[in-house]
Amino acid sequence: MPSPILSSLLSRVVIAPRRRLLVGLAFPPALLAAVLVGMLVYGHPPAPPGGGGPQPAPPDAAGGAALPPPSGLLVDVTGAVAHPGVYRVARGERASAAIAAAGGLTADADPARLPNMAARLQDGAQVRVPALPTATRSAAAGGSTRVAAVSLNTATAEQLATVPGFTPDLVAAVIRYRTDYGGFATTRELVDVLLMSEADYQLARRYVTV
């Protein structure tokens, strides 16, 4: 039988490779665990001061920012119009458009003192339509005629020129139309045929007839 010393050496020779195998098999999981721990501890950069969440957008870039004010001009229309008040009209419009927005002239409007219908409007402007004097209105209430309507079919060029909203070009077109086509059937033909603006027609329709 081998001596105890030899047996001890043989046992060391047999066991040493097994230990190396066990150590070799155990090393990869240990290395993987060390890598995971390192990622957990050092893998993420420190959060910036004030929290790492997304910062809110500035108010002017956010969807809830205040909308810009509507475009156009605010004009105060007073006096002898159907619905006095403040109206918004497009930039570049004239006084006739503001009066049309207020419903047009009333029967009390004084045709001799109407504002300049061609005046270009400015923001904050006031368009005032004077009314007939009280004595004239009182007489009209008793049955008197305040303003005689102008006939589109028989009026002279001078008479047509006194109608609110009538320009020299429109006066010429009215005379040419009734000469070529025998006259007007309705006052609405001023808009439908002669292309008078709706705003000017609202001013003139109370003062014209056929």
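Give segment 87-121 a look and list any residue that's in contact with a Gly (Cβ under 8 Å, 6 or more places away or on another chain) and part of a helix (DSSP H, G or I), or say none. Answer for segment 87-121, where residues must be in contact with a Gly (Cβ under 8 Å, 6 or more places away or on another chain) and part of a helix (DSSP H, G or I): just S96. Quick check, is G124 modelled with pLDDT of 90 or more and in a loop (DSSP other than H, G, I, E, B)? Answer is yes for this residue. Residue count for segment 88-118 satisfying the condition of being surrounded by fewer than 20 Cβ atoms within 10 Å (Cβ to Cβ), farther than 19 Å from T167 by Cα and of a type outside the set (D, E): 6.
The values are calculated or read from the model by the stated rules, or taken from the named source; none is laboratory data. Just so you know, these numbers come straight off a predicted model, no measurement behind them. Please note: Cβ atoms are built from the backbone with ideal geometry, for glycine as well, and neighbour counts cover all protein chains shown.
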